[in-house]
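Working notes, beginning with the structure itself.
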Amino acid sequence: MLKFILRRTLIMIPQLFLLSLIVFVLAKAMPGDAITGAFAGDPNATEERKEELREKFGLNDPWYEQYGRWIGNAVQGDFGSSYMYKQPVTTLLAGKVGNTVLLALFTLIITYIIAIPLGIVAGRWTDTWADKLIVTYNYFSFATPLFVFSLLMLFLFSFILGWFPIGGSVDIKIEEGTWDYIVSKMEHLFLPVMSGALLATFGTIQYLRNDIIDTKLKDFVKTARAKGVPERKVYTKHILRNSLLPIAAFLGYEIAGLIGGSIFIESIFSYPGLGQLFLTSIGARDFTVVTALVMILGTATIIGTMLSDIILSIVDPRIRVE
Amino acid sequence: MSLLKINDLKVHYPIRGGFFRGVVDHVKAVDGISFELQPGETYGLVGESGCGKTTTGRAIIGLNKATDGEILFEGTDLVKQKGSDRRKHVKDIQMIFQDPYSSLNVRKNILNIIAEPLRNFERMSPGEELKRVQALVDRVGLNPESIYKYPHQFSGGQRQRIGIARALTLNPKLIIADEPVSALDVSVQAQVLNFMQEIQKEYNLTYLFISHDLGIIKHMCDRIGIMYRGRFVEEGTAGDVYNNPQHLYTKRLIAAIPEMDPEKRFEKTHLRQSINEEYRTNYDNYFDKDGRMFDLKSISTTHSVALQ
Amino acid sequence: MTENLLFEIEIYRLYKEEVFLGNSVLEIENLRASFRIKGDYYAAVDGVSLTVHENEVVAIVGESGCGKSALALSIMGLHNLKTTKLEGQVNFQSQNLLSLSPAKLNKVRGKDIGMIFQDPMTALNPLATIGRQIEEPMDYHMKLSSAAKKKRTMDLLRRVGIKNEQRIYGQYPHELSGGMRQRVIIAIALACDPVLLIADEPTTALDVTIQAQIMDLLKELQNQIKSGIILITHDLGVVAEMADRVAVMYAGEVVEIAEVRELFMNPLHPYTRSLLNSIPSNMEAKAKLHVIEGIVPSIQNLDRIGCRFAPRVAWVPEEDHETNPQMHEVKPNHFVRCTCYKNFHFPEGRVGEKDYVAT
């Protein structure tokens, strides 16, 4: 088992290297650079001045030298400085990572709290009114675009009803560490989490429902019934265990997806996290920040998939590693 | 000259393991077998699942790569042939698969299924092609009008006939039949077996008949090779093998055939008991010190056994 | 198993078969199992009556689609009741299984009736250990401490011929071969000392040598436990080796019932005779095998009036068949449906090879 995890971790190294290379090259290939971004709208900036700065920051060096410099620093935790915010990228991100992780984590939990019972009900009692209702909800959540739904939620619950704050991650007037602080955090999280979760249930419900319908017909379920196992236990002990297995395994992928998916939600709810920072940085061509962010999101994805592999190898005896 | 001569054929698959997923060992699916097929005969390859009989068939037709050895078809070694040279010969060797449900493409109609080999190997006008396919369909006992139907519209036995028609399109010399009737009910099985015997005479076919069912093999085959763990255990005419089995494994296999006479069921159980007893006590005598089966030694002109 | 024991079994069998049949364990009366297809119900098991006695192996034989598996599942109540209609009576321990509530039926299944399934590769839960799966029926039917359950499970594993039971106990199904898994499935069926065993094609998915082992094991166990066994199979060889009595099924009906030696020596119904003649090992090498014309009709297309086998023996004159075929006792305990067996003969020449097999 340990060997498997170790090998799986080692495989990450070339993956990450490749990722960093792609990110860097793509960033370089985009039109403009940090200098154009920094002086955008500044009529006093002359071409000579910009060229001078480029020379100074090493932006005229061959790409591989720039890459070497960048990756060397990145490994030591230094992603350079943001041109826009005039502070080290690491400091800039530190304040935002927590918010995004919190958002992703709660979205994930709420998604599962909604999706797993619904999937089970729909799968076990197929073709009943409950199943039809759930399937209908599922199609709606699949078809509704995230930004439309989020805006609707924001409009209804914040503007019209005024139940929840319109933006931010916490009320700035409240002191950190108090009970009120936590409550305020939760209030700010509620709408973005619900908007994300209600639409993210689609995959889990659909998968669970189909898998239960399949598993119901498996021979080992027939064996269980022939043993005289009561119907309720046939579900809890045989069908659900088998059907929930892939859901557990997808956990890693879900985390990766949610961190990537935070971009929309955070922008709409003006929630100060990585996603929002990502959009503003692209707008400002703040490449040091963008590359660092893409690296972080990419790494999260790679770790997520690794997590999935490891979870699966733990819960499923068929692929359990000796 | 024999139609097909297999010399010391080996098919090995690597097993990967260890930290860097290196090749640590090989699965010896087929581990040095030799046999010959004379034109017009039916040669049976028998054994239990995993003995390498299917791998052998697939290696001959080129679906599995031979690791070592020779596959001489009319004197040409197919193992050494590449690309188009091989295709020329492959045309003369066709295969009938086990499962008539999954070996036919469900999205193609019968015309397209049967005509496919023709399109690959021969240039024919659509008119000629249609005539040829209709003749074949008629020959395998299906209504020529049914060529525009799809596989799901046929029963299992009929699908297997379609599989046979497809194998016959190029006038092959050798047909490898891999468990052709295992998925069928007995009465349908009888249809297909009878039919295979008829077309054998008519088209002068040679069969390599692969099966785990000793009853069917005995019924169909002139000569038989018994396989176990990638090696030959015993080879001989149907009479040699069934009436005078020499190797313990062959005896065990034959004793395992259910007895069709209820009166003799206890004798049969006794026979199995004593063979199993010998199997337990004498097992090691039938293998060399590496646990590998001995090479075949002939004990009569037709009969050979893997004994020390 | 010692030679002596085998000898005893033999003597016992001879005694049993010729002298008496024990008390009946299961009485099926006019059982009809119909499946809903596009709104209508079609009977797959159509009026089957059958009795199974103590210490008796009754084989139900027929080709796929004849209703033999549907019959087994009906007895166990394993059909989906939303799409299946069950009529008639399945009397077991003086209650009709068909009229029991699910809760009451669960007190019977796995305890007094055990079932062995066809495919050992799929019949075990991939996520539970072998030990757990054998102990599961004991959880519901027996009041045992977990230590007692474990002990019982070890005994069962040894009884089904598994030697390293300590190790197997904690293993998962994928770690075992097909033959081993089938032994485990038999152990599950035997877990609570059933008085009736239903074995649905117990050897079909296995290799020949494993099949022989499982057959011998079942024979040995049957002699120990003295329960009634319903053996469902399409393989007449398995029937000849295992059965005491045989019921041949065609198109949802039993067409012939007889004691096993009688059936093989003196088969009467045209379907039974056709089946026996289509088996390669029954015939001379390279001889023509008998082919049954046409195909088994699907339950929707089945003509339920008159002799159901008539379309497949087209050369038999219409007046030879009964209009409403009944079971006739032609000899003591030998029953045949319809009168068409009386003058039945196989046609000369190319048996059953019409120009087009079917369209």
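Where a number appears in this text, it was derived from the coordinates with a stated rule and is not lab data. Bear in mind the structure is a predicted one, so any value in this text is a computation, not a measurement. Here the Cβ positions follow ideal geometry from the backbone for every residue, glycine too, while neighbour counts run over all protein chains shown.
Summing charges over all other residues whose Cβ lies under 13 Å from the Cβ of A:GLY196, with Lys and Arg as +1 and Asp and Glu as -1, gives -2.
Distance between Cα centroids, the range A:45-69 to the range C:95-145: provide it in whole Å. The range A:45-69 and the range C:95-145 have Cα centres spaced 76 Å from each other. When the helix-only estimate is applied to the protein assembly as shown (DSSP H runs of n ≥ 4, each -39,500 (n - 2.57), divided by the residue count), what is the mean residue ellipticity at 222 nm, nearest 500 deg cm²/dmol? After summing the helix terms and dividing by residue count, I get -15000 deg cm²/dmol.
Ordering A:TRP125, B:GLN134, A:SER195 by Cα displacement along the dipole of the protein assembly as shown toward the positive end leaves A:SER195 in first place; charges were set at the Cβ atoms of Lys, Arg (+1) and Asp, Glu (-1). Among the helices of chain C, those built from whole DSSP H runs whose Cα atoms reach 15 Å or more along their own axis and whose mean Kyte-Doolittle hydropathy is at least 0.0 are C:178-190, C:208-225. Rounded to the nearest 20 debye, the dipole magnitude of the protein assembly as shown is 1240 debye, with +1 charges on Lys and Arg beta carbons, -1 on Asp and Glu beta carbons, and the Cα centre as origin. Taking +1 at the Cβ of each Lys and Arg and -1 at the Cβ of each Asp and Glu, which of C:CYS307, C:VAL330, C:GLN118 sits farthest along the dipole of chain C towards its positive end, judged by Cα position relative to the Cα centre? Checked the options; the winner is C:GLN118.
Counting Lys and Arg as +1 and Asp and Glu as -1 over every other residue whose Cβ lies under 10 Å from the Cβ of C:TYR169, the net charge comes to +1.
For the range A:93-258, the dipole from Cβ point charges (+1 on Lys and Arg, -1 on Asp and Glu) about the Cα centre works out to 940 debye, to the nearest 20. Which angle between 0 and 90 degrees, to the nearest 10, do you get for helix A:179-216 versus the longest principal axis of chain A when only C-alpha atoms count? Rounded to the nearest ten degrees, it is 50. Charging the Cβ of each Asp and Glu at -1 and of each Lys and Arg at +1, and nothing else, the dipole of the range C:125-191 about its Cα centre rounds to 220 debye. Taking other C-beta atoms within 10 Å as the exposure proxy, A:ILE120, C:ILE186, B:ILE15, A:ILE5 rank B:ILE15, A:ILE5, A:ILE120, C:ILE186 from fewest upward. Annotation: extensible slack from B:GLU116 through B:ARG292 equals 59.1 nm (criterion: 0.36 nm per residue apart, minus Cα-Cα distance). Expressed as a whole number of Å, what is the distance separating the alpha-carbon centroids of the range B:239-291 and the range B:46-118? About 33 Å separates the Cα centre of the range B:46-118 from the one of the range B:239-291.
By the count of other C-beta atoms within 10 Å, a proxy for reagent exposure, C:MET242, C:MET142 are ordered fewest to most as C:MET142, C:MET242.
Picking from A:VAL97, A:ILE160, A:GLY257, whose Cα lies most toward the positive end of the charge dipole for the range A:93-258 (charges on Cβ: Lys, Arg +1; Asp, Glu -1)? The residue sitting farthest along the positive end of the dipole is A:GLY257.
With Cα atoms defining each centre, the range A:199-213 and the range C:39-63 are spaced 40 Å apart in the structure.
Once the C-beta distance of C:TRP315 and B:SER102 is scaled by a Förster radius of 35 Å, the resulting FRET efficiency is 0.45 to the nearest 0.05.
Sorted fewest first by neighbouring Cβ atoms within 10 angstrom, A:HIS188, C:HIS53 come out as C:HIS53, A:HIS188. A crude spin-label estimate for the pair A:ARG241 and A:GLU52, with each label 7 Å from Cα along the Cβ direction, gives 7.5 nm.
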